[in-house]
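Input: a single structure, listed below in structure tokens.
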Number of protein chains: 2
Amino acid sequence: MSDPRYTPLAQSLPATVPFVGPETQERQRGAPFDARLGANENIFGPSPRAIAAMQDATADLWMYGDPENYDLRQALALHHRIQPENIVVGEGIDGLLGYLVRLLINPGDCVVTSLGAYPTFNYHVAGFGGVLHTVPYVDDHEDPASLFAKAAEVDAKLVYLANPDNPMASWHRGAEIVTAMDALPEGCLLVLDEAYVECAPNGTAAPVDINDPRVIRMRTFSKAYGLAGARVGYALGAPGLISAFNKVRNHFGMNRSAQAGALAALADSDWLTHVQSEITNARDRLSQIAHDNGLTPLPSATNFVAIDCGHDGAFAKATLDALIEAGLFVRMPFAEPQNRCIRVSCGPASDLNQFAAALPKALAAARAATGR
Amino acid sequence: MSDPRYTPLAQSLPATVPFVGPETQERQRGAPFDARLGANENIFGPSPRAIAAMQDATADLWMYGDPENYDLRQALALHHRIQPENIVVGEGIDGLLGYLVRLLINPGDCVVTSLGAYPTFNYHVAGFGGVLHTVPYVDDHEDPASLFAKAAEVDAKLVYLANPDNPMASWHRGAEIVTAMDALPEGCLLVLDEAYVECAPNGTAAPVDINDPRVIRMRTFSKAYGLAGARVGYALGAPGLISAFNKVRNHFGMNRSAQAGALAALADSDWLTHVQSEITNARDRLSQIAHDNGLTPLPSATNFVAIDCGHDGAFAKATLDALIEAGLFVRMPFAEPQNRCIRVSCGPASDLNQFAAALPKALAAARAATGR
């Protein structure tokens, strides 16, 4: 009896997880975390109206969700002043990135991103055999000019840019991105990941023409809307590209109560304003904690703060390990030189107090371990 | 400004939906259905404990779900007396079928199924460029012998068999499937879709060795467990094949409250027994309604009944259209000769009473329209 005959590509891929989940770490350490500040989840939570809508919808879960996501797309169209034909809803941005890469990338096709940007995008590119080219961050910012120049150089079909950025929390004004797009090579699609844009200053969302075929924008209910576990993302783009998702997507992939929750969350702009205010306060507090420990917080347009630990990646990793040991779930950038930082999500005072208490000891442990 | 450079395969695919959802039909007709009997959903609903677990989990939806689905896989391993390494959880069987086809099928690779079997499987095969070969049903049953013979003939990498079958509700004893597998050609994986197996007589589940690399079985919480809208399916197979899903799946694709709901549903065996009893009663009632109208109900091991309308596909279609016109959501098989039937899901007496009231008029309308 032989094994299944995998495709050569599938045979070549590693079985992996782009991010190890905090639950896995909790099982490994044999204890739950005291504070969950590592996945840029929104600890302030979703709108109470979204919670109520999802609870109400629970009894209806014997029914499949609407495969057209009609109500949600109608509401999003009104919200963004575009047409439903400009919107595809999917199982988080992760799911939509997978579909997008599948539509464009055959083995050997080139894709460009920044070194140390979103690993799950890279996972999908590798998963369809794409060849990933990277450019460095510039002063902890992703750099549209070098991204688009590299895309021209390697004849990329797809270039990824997150604005605001994860993991560095840096950002560009949306108008600058649109201007930079003049250098986007013909036949290269820009995937502009705006997952954190609701946490950013006004003017960060790129004011692109919704029917511009050169760009697709990714949005999510996982961050400012507080529904990471519901799995609702959406993409905004020209109707032809949006329609192409219907060639490959899992039409019945959406959880029915999540559809209801996203609809209610979108309608509750007061709660979004409240969360934005909480995020601003928490960023200030995280920055103060960093300063109190002689560290440098990076400016943030997201719901997390990257904190420069002042030395190399090994020192930041030692600090991170000590924080995890102390019961705080946090993460750090993967690539140099960004990996001199740790990345801490915004949260309520109780969580940040625990971080404030643990950080001095973690830094002391890191100094002892590294001789810094 | 040019369009994105899609892969040749993506360019060749139609933008489609394998099943038009009832919500779409409701929007088209401008009124909701009075009874929803077309998607083989479980109108008796999920366990009240599952509903409670999902409602409790709603406030936790700011957190991503565990990408390992650890707790659910542990519980499923105990339930099936296998190891967690034999189980992968995904976004419904639809999602898992997509991943499976992706792992095995390159453009031009051959796949075998029955003519008129599950369209979403065919959608995924086409979506990865596979070449689909079909064999006919035999007396309204999928036929393992001819499926496996065709697989040998065309050197198929994958062969699909649903047991019990959708849309005909027919079934084979599991032991017969295992015996028939002696004829499964080397290097061909059997995907055995057991979505409805909890509705079937004891002995229907195929007693395959869980580590047999020739077969992968698909299971779901969408049918007997009543959680179609939650999107929780799983596959059972040899560890090597199960592990391969980690190369391509959307690791964070599962809704967190759905994970909790499936766990609670699995634990409530009393509710499953209750639903099984309700399904048996509803099948009997649907059969009686068919007989009362001079029609032939087919034996069913599922939560629906295929009713032979006694003439050709055009007559069944006219009957179906009249039922939909009357406010009943029902469906019918796509392919001849199975399309002489309509397919009606089990449901409570109130829903079936509406079907009983509407069917004579629908048949009269079909007779008038077709001259039968």
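If only one of B:Gly174, B:Gly237 is open to solvent by less than 30 Å² (accessible area, probe 1.4 Å) and within 15 Å of B:Ala301 (Cα to Cα), which one is it? The conditions single out B:Gly174. Considering only residues in region B:186-198 that are among the hydrophobic types (A, V, I, L, M, F, W, C) and within 14 Å of another protein chain (Cβ to nearest Cβ), the one that is farthest from the chain's Cα centre (by Cα) turns out to be B:Cys188. Only one of the listed residues (A:Arg331, A:Arg340) is over 30 Å from B:Met54 (Cβ atoms), basic (Lys, Arg) and not assigned by TED's automatic domain parsing to the domain that holds A:Asp66. That residue is A:Arg340. Identify, please: which residue in region A:292-342 is buried (at least 20 other Cβ atoms within 10 Å of the Cβ) and among the basic types (Lys, Arg) and is, among those, farthest from A:Cys199 (Cα to Cα)? So the residue we want is A:Arg340. I'd like to check which helices (runs of 4 or more DSSP H) are fully inside region B:4-79 and have at least 3 residues that are in contact (Cβ under 8 Å) with a residue 40 or more places away in the chain. Here the list reads B:22-29, B:48-58. Here region A:213-234 is the region considered, the condition is being open to solvent by less than 20 Å² (accessible area, probe 1.4 Å), assigned to a loop (DSSP other than H, G, I, E, B) and at the interface with chain B (Cβ under 7 Å from one of its Cβ atoms), and the residue that is nearest to A:Phe121 (Cα to Cα) is A:Arg231. Of all residues in region B:235-272, those being touching a His at 6+ places or on another chain (Cβ under 8 Å) and facing another protein chain (nearest Cβ under 7 Å) number 0. Among the residues of region A:31-40, is any touching a Ser or Thr at 6+ places or on another chain (Cβ under 6 Å), of a type outside the set (A, V, I, L, M) and not assigned by TED's automatic domain parsing to the domain that holds A:Thr220? Yes, that holds for at least one residue. Say whether the condition of being within 30 Å of A:Asp94 (Cβ to Cβ) and modelled with pLDDT of 95 or more is met by at least one residue in region B:136-158. The answer is yes, given that some residue of region B:136-158 is within 30 Å of A:Asp94 (Cβ to Cβ) and modelled with pLDDT of 95 or more. Scanning region B:358-369 for residues that are surrounded by fewer than 14 Cβ atoms within 10 Å (Cβ to Cβ) and closer than 12 Å to B:Ile289 by Cα yields a total of 1. If you filter region B:31-56 down to residues that are facing chain A (nearest Cβ under 8 Å) and over 22 Å from the mean Cα position of the chain (by Cα), you find that the one that is least open to solvent (accessible area, probe 1.4 Å) is B:Met54. The single condition among (1) in contact (Cβ under 8 Å) with a residue 24 or more places away in the chain; (2) open to solvent by 60 Å² or more (accessible area, probe 1.4 Å) that A:Ser345 does not satisfy is (2).
Counting only residues that are at pLDDT 95 or above and surrounded by 19 or more Cβ atoms within 10 Å (Cβ to Cβ), which one in region A:14-30 is farthest from the other protein chains (Cβ to nearest Cβ)? Going through the qualifying residues, I end up with A:Pro22. Return only the number of the condition from (1) touching a Phe, Trp or Tyr at 6+ places or on another chain (Cβ under 8 Å); (2) surrounded by fewer than 24 Cβ atoms within 10 Å (Cβ to Cβ) that A:Lys247 does not satisfy. Condition not satisfied by A:Lys247: (1). Return yes when B:Gln276 is touching a helix residue (DSSP H, G or I) at 6+ places or on another chain (Cβ under 8 Å) and modelled with pLDDT of 95 or more and no when it is not. Judged against the criteria, B:Gln276 is a match. Only one of the listed residues (A:Ala117, A:Ala145) is among the hydrophobic types (A, V, I, L, M, F, W, C) and more than 30 Å from A:Tyr6 (Cβ to Cβ). That residue is A:Ala145.
In the set B:Asp193, B:Asp182, only one residue is surrounded by fewer than 23 Cβ atoms within 10 Å (Cβ to Cβ) and either basic (Lys, Arg) or modelled with pLDDT of 95 or more (or both); that residue is B:Asp182.
Take the residues in region B:256-272 that are open to solvent by 10 Å² or more (accessible area, probe 1.4 Å) and not aliphatic (A, V, I, L, M); name whichever of them is farthest from A:Ala228 (Cα to Cα). Filtering region B:256-272 for residues that are open to solvent by 10 Å² or more (accessible area, probe 1.4 Å) and not aliphatic (A, V, I, L, M), the one farthest from A:Ala228 (Cα to Cα) comes out as B:Asp270. If a residue must be surrounded by fewer than 20 Cβ atoms within 10 Å (Cβ to Cβ) and under 30 Å from B:Pro337 (Cβ atoms), how many such residues does region B:61-108 contain? Final tally of qualifying residues: 0. Taking the criterion of being of a type in the set (Val, Ile, Thr), out of contact with any His (no Cβ under 8 Å at 6 or more places or on another chain) and open to solvent by less than 30 Å² (accessible area, probe 1.4 Å), would at least one residue in region B:158-170 satisfy it? Checked against the condition, which is being of a type in the set (Val, Ile, Thr), out of contact with any His (no Cβ under 8 Å at 6 or more places or on another chain) and open to solvent by less than 30 Å² (accessible area, probe 1.4 Å), region B:158-170 yields at least one hit. Taking the condition under 22 Å from A:Thr302 (Cα atoms), of a type outside the set (Ser, Thr, Tyr) and either touching a Cys at 6+ places or on another chain (Cβ under 7 Å) or open to solvent by less than 10 Å² (accessible area, probe 1.4 Å) (or both), does A:Glu198 pass? When the stated conditions are applied, A:Glu198 does not pass them.
Within region A:109-152, being open to solvent by 30 Å² or more (accessible area, probe 1.4 Å) and at positive phi holds for one residue alone: A:Asp139.
Taking the options A:Ser269, A:Ser277, name whichever one is without any contact (Cβ under 8 Å) to a residue 40 or more places away in the chain and either over 30 Å from A:Met63 (Cβ atoms) or among the basic types (Lys, Arg) (or both). Going through A:Ser269, A:Ser277 in turn, the sole match is A:Ser277.
For region A:140-168, the tally of residues that are under 16 Å from A:Pro333 (Cβ atoms) and without any contact (Cβ under 8 Å) to a residue 24 or more places away in the chain stands at 0.
The values are calculated or read from the model by the stated rules, or taken from the named source; none is laboratory data. A quick note: this is a predicted structure, and the numbers were derived from the prediction, not measured. Cβ atoms come from the backbone with ideal geometry, glycine included; neighbour counts cover every protein chain shown. All accessible areas refer to the heavy atoms of the entire protein, side chains included, with ligands and DNA or RNA removed. Shrake-Rupley method; radii C 1.70, N 1.55, O 1.52, S 1.80 Å.
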